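Colleague: One structure is given below, represented as structure tokens, and several questions about it will come after.
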Amino acid sequence: MTQRHLSYSAILVLAANTMNGPGITTLPDVAVDAGIFLYFVLIALSVQMASFVCRRMVHAMWSSLKSDSYFVNGKDDGKYERVDSVESDVMSLFEEDENIVEEEISDVAIQLTELHHYPNQHLEHREFHAKNGTPSIENIHTLESLTTLEAQVDSLHDNVQNTLNGIRQPILERTSIVGQSLEGFGQSTSTFVALTMVASALCLALAQMMLCAAILDGLFVVIVGQSCALGLPSHEQDGTSSWIYCTAHSSMKPYMNSGAPVSIMSVGWVIATAVSVFLGTKHLDEMMGVQYTFFICLLVGCVRFTFVLISMASNLEHEVGITHIVRALESQNATSHNSELSWSIGPSPFQTIGPIMFNFAFIVTAPPLSALAKEEQIASSALSMSCVVMGALYALIGWVGAPVSNAVRNGMISGGDDTNLLSLILLSGGDSGVSTLDLICIGAFGISILASVPVYCLLAQQTLIHDAGVATLPAFVLSNVIPWILVALTYNASFFEAFVNWSGLLILGYANFSLPLILDSRLLKVRTYRATALHQGGENMNGRPNKERRLNSGGLGRATKATSIIFSLVTSSISSVIAISIMPFPSLNVTCVVFVAVMLATLLWPEASMDI
């Protein structure tokens with residue numbers, strides 16, 4: 001068995017790359033709506049929230065190595081203690097003298113074999129433990145079916161193999177978000193969570209794919225003068241038809257109003273698809289060279305954008321410099337709509353919570369990174385630091401871009417009709433056009449967005465393989481190829497972007513922030529209850545004393561309470577954001593009612609659902 005590891009820097013870069021998406025291009029506009037001070041506050045709070053969720057998720061994964069069993073879910077079948085004793089035997093291999101390791105392995109193998117025949121020994125096993133003082137099996141949730149038991153046996157086999165190879169890493173398919181839901185709530189819930197994970201990965205991937213293809217097409221327009229695409233032929237007025245459609249419009253929707261059909265395969269789409277599918281064939285640790293390169297492209301692009309935006313803001317402030325800047329007072333239209341950039345709280349503060357929060361919606365992709373770390377601390381600190389790094393980058397881009405974005409809104413820059421980050425950079429050259437250096441940086445930034453797509457596709461692929469039972473090749477096609485085909489089919493459609501935005505709004509918030517926290521709370525209590533119950537059942541199991549089964553109940557209570565409070569705050573905030581987005585005329589009163597109602601409901605529900 002080949003042991004794979006990701007270093008601290010590799011995990012940090014992979015996590016940072018997955019946070020690099022369409023949201024970063026909207027941050028100058030978001031900063032104007034929020035106000036600079038509130039924008040910084042919201043960024044800081046989002047960093048803290050995402051870091052906390054990452055740490056709890058990593059802990060839930062790695063604590064499975066210390067747990068007596070990977071699965072506690074469903075009905076009472078009388079199989080719990082035997083499965084648990086096998087797990088105990090596996091874990092004890094690390095503590096036994098080398099001279100008896102072979103004997104231990106043999107014992108474990110025998111007990112694993114017995115598990116396959118255990119349903120027929122079920123009543124006898126109950127009587128045995130009843131005589132020896134084991135807690136009532138009715139108080140212990142075990143496996144729902146023999147199918148789930150087989151899954152647990154497979155998990156134990158994996159643990160034996162990992163033990164023999166000296167590997168101390170969580171098994172991803174058992175400790176991912178889907179695996180945690182199976183352990184904590186059972187098969188039915190895990191099926192729903194698996195569907196949610198696939199949907200989340202596809203929402204994230206589709207948004208990245210569309211943006212990357214559009215950036216590359218826009219770059220071709222600026223460099224070559226046009227970008228072309230292949231589409232179904234349409235009949236022209238002169239009776240001719242063509243399969244080729246070209247555009248000279250450089251924007252985030254280059255083929256809009258160009259006469260091209262909805263379904264097209266553009267040059268940018270072909271390049272982005274080829275790179276993404278190729279990377280999808282690689283394992284995470286095999287693509288690190290490309291990931292580091294993409295991350296450097298992101299940093300170089302953002303640093304250059306910062307200098308350009310500062311220069312543009314300086315010219316605006318002193319009303320000198322470039323010819324495309326005009327005085328706002330000279331335009332009646334600009335005068336009637338002119339508003340100063342707020343350095344405290346902006347005109348639409350509540351509408352900025354969602355865009356800022358969802359820039360950190362990468363947590364569903366973190367389990368594969370955590371499972372490949374050498375130890376828990378490396379995974380936890382690297383993921384937290386990635387939130388800090390990207391938070392600082394978000395704060396910088398929004399801060400320096402806000403004055404220019406506000407100027408475009410107020411008509412102070414001629415030709416400015418879009419406050420997207422890349423559109424602002426394209427305006428920097430005025431009538432002479434954008435500089436070659438800026439074009440290179442825009443291209444580097446566009447390429448860097450591709451870095452996250454293979455990670456999202458990997459999440460969907462692994463979920464399909466491990467939780468839906470799909471074969472490897474069909475899972476690869478469904479997760480790495482089909483999404484790009486969907487992008488081509490809807491590349492020039494106006495509804496597709498709205499579909500991605502709304503699906504992301506309804507799915508990503510809960511899947512990335514609420515779900516990992518509720519699973520953490522559940523598993524804390526499930527695993528502690530299991531360890532305590534077995535400890536009370538006797539000091540000896542299978543000839544060896546129970547070790548390290550008792551957890552500090554005070555620490556558990558504090559951890560569970562903190563997680564529950566954060567869960568309530570996060571879920572209430574997400575629900576409020578959705579309410580604001582749904583309402584045609586956002587109301588502060590309605591938003592507050594939604595926040596308070598969800599807060600009260602979530603403060604009560606997790607505790608009620610934690611009963612074992």
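Colleague: Give a residue-ordered list of calculated ³J(HN,Hα) values for the range 385-396 (Karplus: 6.51 cos²θ - 1.76 cosθ + 1.60, θ = phi - 60°; whole Hz; x for Gly, Pro).
Modeller: 3J(HN,Hα) across the range 385-396, in whole Hz: 5, 4, 5, 5, 4, 6, x, 5, 5, 4, 4, 5.
Colleague: Given H placed on each backbone N at 1.01 Å, which residues far from Q226 in sequence or on other chains put an amide H within less than 5 Å of it?
Modeller: Answer set, sorted by chain and number: none.
Colleague: Which far-off residues, 5 or more places away or on another chain, put their amide H under 5 Å from the one on A373, with H placed in the peptide plane?
Modeller: Hits under the 5 Å cutoff: L6.
Colleague: Moving on to the next point. Under a crude label model (7 Å from the Cα following the beta-carbon direction), how far is T472 from S311 in nanometres?
Modeller: For T472 paired with S311, the spin-label model returns 5.1 nm.
Colleague: Residue by residue through the range 593-600, which ³J(HN,Hα) values in whole Hz follow from phi under the Karplus form 6.51 cos²θ - 1.76 cosθ + 1.60 (θ = phi - 60°), with glycine and proline marked x?
Modeller: Whole-Hz 3J(HN,Hα) from phi for the range 593-600: 4, 4, 4, 5, 4, 5, 4, 5.
Read-outs: derived from the displayed coordinates by stated rules, not from any lab. In this text, all values refer to a predicted model and were calculated from it rather than measured experimentally. For neighbour counting, all protein chains shown are included, and Cβ atoms are generated from backbone atoms with ideal geometry for every residue, glycine included.
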